[in-house]
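Shown next, in structure tokens, is the structure this report addresses.
Just so you know, all these numbers are worked out from the coordinates, no wet-lab data involved. These numbers were taken from a predicted model, which means no experiment stands behind them. Every residue, glycine as well, gets a Cβ built from its backbone with ideal geometry; the counts of neighbours run over all protein chains shown.
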Amino acid sequence: MMMKVEAFVREEKFEDVKDALNKVGVNGMTVSQVMGCGAQKGFTEVVRGTKVDMMMRSKIKFEVVVSSEEWAEKTIKAIQEAAFTGEVGDGKIFSYEVKNVIKIRTGEMGIDALQD
């Protein structure tokens, strides 16, 4: 069963997470800069001399599709260890079953479409 792993991590953990995924053999990933909030509830910033409550924090979103639950577990463990600081705001990891993958260039489907 193919799985998708999405992780939202601190910006400063980008390189650590990317390196950890490469070390466990994850070949492909999509990375985005995103904004969000959770338990941290944002922060206060001074803009032109006025305090402004910023409810959104900058995060990095990693998206990885893997070929099995075993690979999903390896991926999750690598992200969890690399992104951990022990402080509020370390992020979240979500995993989902993927019904199908289609490689646009070749038309390959399923696990074959995940291969380079």
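Quick one: count up the residues across segment 1-15 that are assigned to a strand (DSSP E or B), touching a helix residue (DSSP H, G or I) at 6+ places or on another chain (Cβ under 8 Å) and surrounded by fewer than 20 Cβ atoms within 10 Å (Cβ to Cβ).
Adding up the residues that qualify gives 1.
Counting only residues that are surrounded by 16 or more Cβ atoms within 10 Å (Cβ to Cβ), more than 13 Å from the chain's Cα centre (by Cα) and not in a loop (DSSP other than H, G, I, E, B), how many does segment 67-95 have?
2
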